[in-house]
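The values are calculated or read from the model by the stated rules, or taken from the named source; none is laboratory data. Everything numeric in this text was worked out from a predicted model, so none of it was measured. Cβ coordinates were reconstructed from backbone atoms using ideal geometry, including for glycine residues, and neighbour counts include every protein chain displayed. Ligands, DNA and RNA are excluded from the accessible area calculation, which covers all protein heavy atoms including side chains. Shrake-Rupley method; radii C 1.70, N 1.55, O 1.52, S 1.80 Å.
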Amino acid sequence: MNNRGKARAYGNIALIKYWGKRDEKLILPMNSSLSLTIECFYTETEVIFSDSFNEDYFYLNGKLQDKLSTRKISDFIDLFRKAANINMKATVKSTNFVPTAAGLASSASGFAALAAACNVASGLNLDHRELSMYARQGSGSATRSIYGGFVEWKRGTNEKDSYAIPIDDAKWDIGMVIVIINSKEKKISSREGMRHTVLTSPFYKAWVESCERDIEEAKLAIKNRDFESLGLITERNGLMMHATMLGASPPFCYWEPDSVLAMKLVRELRKEGITCYFTMDAGPNVKILCRLSESDKIKNRLKEFFREEKIIITGPGPGIVLL
Ligand code: DP6
């Protein structure tokens, strides 16, 4: 074993969303999902195992973290310690590289980078597929950040076949414009939100069924480089995920008035001939799937309503990088 490993992983935005678990502990999803890895934000993480540490230490952006956040990291590292038969404690140093003023932090890039660093430090040398299954147990969306471009996370039938596979490198004029509506930490985490939805929303069953169809159609659209179809599927899938929350009891909603404004602008831009489509996750920010070559035009339009530093343009990002 190397005792030390360092890796970088990029964030991703789901076009076909993961929303709901069938196994909370192993993080097995109810439905398959599909995302675009993006280059505008990433996490770099170093893991060091040593006999000289009496406990696990977790530094995030240079600051030593409290017991609760360190616990989550320790539990995750335990997966590697167990598999590689390691008894040593670890020091983890993690840095999030995010566009200024955006406040975009991501459990996806975080756990993917941690998994990749642990993989090297522990000497386990898992391949990407296995690594995605480890990352999955930290946070579902992290499964997909192991690869770059368009990535599918297969629902699978058991804990050994729910992993990510690369679909396409997305290097065909694909981009995203992210509108930061509010960078404060969300009140309802995605973990809590999806649990509540699965348990109480009568729309949930219809959601899972729609995803089966959406993911097949999205993959076909990517294969045919049919950007318009991919965008339309993305938009309807995102809206349907949010509809499941409106049907929950009690209902909840991540949208803010400005989220609706951004979504309306996307539809207006489309009428004017710019092919762009919106999606939203468990927060008020709006992500716009577009042609990278048209992203400046989209930004210019959004600038009439939103501050410039709140509008981020990004191209597709790569898979994990060892440092
Ligand atoms: C709406 O991966 O953050 O962004 O597995 O509980 O850690 P946990 O949840 P997380 O959920 C992401 C939900 C989403 C959709 C998506 O990224 O697919």
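Listed conditions (1) open to solvent by 80 Å² or more (accessible area, probe 1.4 Å); (2) within 18 Å of Leu28 (Cα to Cα) are all met by Lys186, apart from (2). Regarding the range 125-145, can at least one residue be identified that is aliphatic (A, V, I, L, M), farther than 22 Å from Ile312 by Cα and surrounded by fewer than 22 Cβ atoms within 10 Å (Cβ to Cβ)? Yes, there is a match, as at least one residue in the range 125-145 is aliphatic (A, V, I, L, M), farther than 22 Å from Ile312 by Cα and surrounded by fewer than 22 Cβ atoms within 10 Å (Cβ to Cβ).
Of all residues in the range 169-189, which are of a type in the set (A, V, I, L, M) and farther than 17 Å from Ala221 by Cα?
Looking only at the range 169-189, we keep the residues that are of a type in the set (A, V, I, L, M), and these are 170, 174, 176-181, 188.
Those that are of a type in the set (A, V, I, L, M) and farther than 17 Å from Ala221 by Cα: Met176, Val177, Ile178, Val179, Ile180, Ile181, Ile188.
For the range 219-244, taking the residues that are surrounded by 23 or more Cβ atoms within 10 Å (Cβ to Cβ) and of a type in the set (Gly, Ala, Ser), the one that is farthest from Val286 (Cα to Cα) is identified as Gly231. The residue list Asp214, Asp161, Asp173 contains one member that is open to solvent by 10 Å² or more (accessible area, probe 1.4 Å) and in contact with a helix residue (DSSP H, G or I) (Cβ under 6 Å, 6 or more places away or on another chain), which is Asp173. Within the range 116-140, the set of residues being farther than 25 Å from Ser50 by Cβ, away from the ligand (no atom under 16 Å from the Cβ) and not in a helix (DSSP H, G or I) comprises Asp127 only.
Residues of the range 14-38 that are crowded, with 24+ Cβ neighbours inside 10 Å, part of a strand (DSSP E or B) and either free of Cβ contacts under 8 Å to residues at least 60 places away in the same chain or among the hydrophobic types (A, V, I, L, M, F, W, C) (or both): Ala14, Leu15, Ile16, Leu34, Leu36, Ile38. In the range 151-173 there is no residue that is part of a loop (DSSP other than H, G, I, E, B), touching a residue at least 40 places away in the same chain (Cβ under 8 Å) and among the β-branched types (Val, Ile, Thr). Listed conditions (1) over 23 Å from Leu322 (Cα atoms); (2) open to solvent by 10 Å² or more (accessible area, probe 1.4 Å); (3) not in a loop (DSSP other than H, G, I, E, B) are all met by Tyr10, apart from (1). Candidates Thr157, Thr143, Thr91: the one that is more than 16 Å from the ligand (Cβ to nearest atom), within 30 Å of Ala221 (Cα to Cα), out of contact with any Pro (no Cβ under 6 Å at 6 or more places or on another chain) and not small (Gly, Ala, Ser) is Thr157. Of all residues in the range 12-23, at least one satisfies being within 13 Å of the ligand (Cβ to nearest atom) and of a type in the set (Asp, Glu). Just one of (1) in contact with a Lys or Arg (Cβ under 8 Å, 6 or more places away or on another chain); (2) within 24 Å of Tyr147 (Cβ to Cβ) fails for Phe80. It is (1). Checked across the range 165-172, the condition of being modelled with pLDDT of 95 or more, of a type outside the set (Asp, Glu) and within 14 Å of the ligand (Cβ to nearest atom) holds for no residue.
Scan the range 286-298 for residues that are open to solvent by less than 40 Å² (accessible area, probe 1.4 Å) and not in a strand (DSSP E or B) and jot them down. Show your work before the answer.
Our first condition is that a residue be open to solvent by less than 40 Å² (accessible area, probe 1.4 Å); within the range 286-298, this holds for 286-290, 294-295, 298.
Of everything in the range 286-298, those that are open to solvent by less than 40 Å² (accessible area, probe 1.4 Å) and not in a strand (DSSP E or B) turn out to be Glu294, Ser295, Ile298.
Is there a residue in the range 271-285 that is assigned to a helix (DSSP H, G or I) and more than 16 Å from the ligand (Cβ to nearest atom)? Yes; the residues of the range 271-285 include at least one that is assigned to a helix (DSSP H, G or I) and more than 16 Å from the ligand (Cβ to nearest atom). In this structure, Ser74 does not qualify as at pLDDT below 95 and either part of a helix (DSSP H, G or I) or under 14 Å from the mean Cα position of the chain (by Cα) (or both). Among residues of the range 116-142 that are on the phi > 0 side of the Ramachandran plot, those with a beta-carbon under 7 Å from a residue that is surrounded by fewer than 24 Cβ atoms within 10 Å (Cβ to Cβ) and not hydrophobic (A, V, I, L, M, F, W, C) at least six positions away or on a different chain give the pairs Gly123/Asn2.
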